[in-house]
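Below is one structure, written out as structure tokens; the observations come after it.
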Amino acid sequence: MRILICDGPRSIGESAAHVLGGALRRRRRPTLGIATGSSPLEIYGAFARGIEIEDLDLSRLRAFALDEYVGIADDHPERYANVVDREVTTKLGLDPANVSVPDGASSDPDTAAERYERQIEDAGGIDAQILGVGTNGHIGFNEPGSPHDSRTRVVSLTAETRAANARFFDDISHVPTHAVTQGVGTIMGARTIVMVAQGEAKAEAVRHIIDGEVSTRWPGSILQRHPDVTIVLDEAAGHLLEFAGQYRTDAGYPA
Ligand code: F6R
């Protein structure tokens, strides 16, 4: 694991974009795994400014979203298909035909989830996966207890996750109770992973994920077993780490 503590949102976005760009540039038909939520917005902003993608052929980029709510209205601004369209496809000028989001509106979401898993496999897997992290340590919508070998499937959202995401809805009762998410095993199949976390609310999860035991209680802790993971943090998210001083990008340590 490589860990960077950056001094602000812009440098978080650019540091993450740098690692992702390096992983994508090596591939002939690159596949990018995208997360929604607030954490990765600075990465998409950096890409939109042309940072690290200047020599990438974006017309060949395939993108796969991590997750989608089940039972959310098609035109709801927080439906992840709409978020991805707004924040990624449009900003980066991707071909919408090359961008996939799990189908949360299917009448048979279990089969739709299996189909999504196969789509990722058929595309040759994910070259570079962007992750945020929940306050409970979730990655994608793999909540505590999610098996390490889980694949794309329908899950229930915990009360903690629904409360955290209530800020995007008029009222917590409008936050969906279920989602389709890539599994922990699916995410671990990505060749390169970049996780970003900002803010004090993430500090405890970040500490468990980096300094704690690998366990299903803190789903992101499995990343310790992945050979190519970079975690990019701000000071508030990283300050509880035992070796925080070594991860500060201005500390003079090798990154
Ligand atoms: C979103 C996702 C989630 C979020 C996490 C953090 O596609 O899979 O795991 O990354 O809930 O959300 P933010 O960034 O909004 O704090």
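Which whole-number percent is the relative contact order of the chain (Cα, under 8 Å, 6+ apart)? So the answer I get is 26 percent. May I ask which residue of ALA190, LEU131, ALA65 lies farthest towards the positive end of the charge dipole of the chain, with charges of +1 (Lys, Arg) and -1 (Asp, Glu) on Cβ and the Cα centre as origin? Most positive-ward Cα: ALA190. Kirkwood hydrodynamic radius of the range 2-240, from the reciprocal of the average inverse Cα-Cα distance over all distinct pairs: 17.6 Å.
Please label the shape of the range 103-255 as rounded, prolate or oblate, based on the square roots a ≥ b ≥ c of the eigenvalues of the alpha-carbon gyration tensor (a/c under 1.5 means rounded; beyond that, a/b larger than b/c means prolate, else oblate). Can you show the working numbers first?
On the way: a/c = 2.18, a/b = 1.38, b/c = 1.58.
Oblate is the answer for the range 103-255, as a/c is 1.5 or above yet b/c matches or exceeds a/b.
Note on the chain: with charges restricted to the Cβ of Lys and Arg (+1) and Asp and Glu (-1), its dipole about the Cα centre is near 660 debye. Computed over the range 158-228, the range of Cα coordinates on each principal axis works out to 41, 27, 20 Å, biggest value leading. Counting Lys and Arg as +1 and Asp and Glu as -1 over every other residue whose Cβ lies under 12 Å from the Cβ of VAL99, the net charge comes to 0.
Helical runs assigned H by DSSP (4 residues or longer) give the chain a calculated mean residue ellipticity at 222 nm of -7500 deg cm²/dmol, each run adding -39500 (n - 2.57) before division by the residue total.
We did not get these values from a lab; they are worked out from the coordinates using the rules stated. None of these values were measured; they are calculated from a predicted model. When we count neighbours, we look across all protein chains shown, and the Cβ atoms used for this are built from the backbone with ideal geometry, even at glycine.
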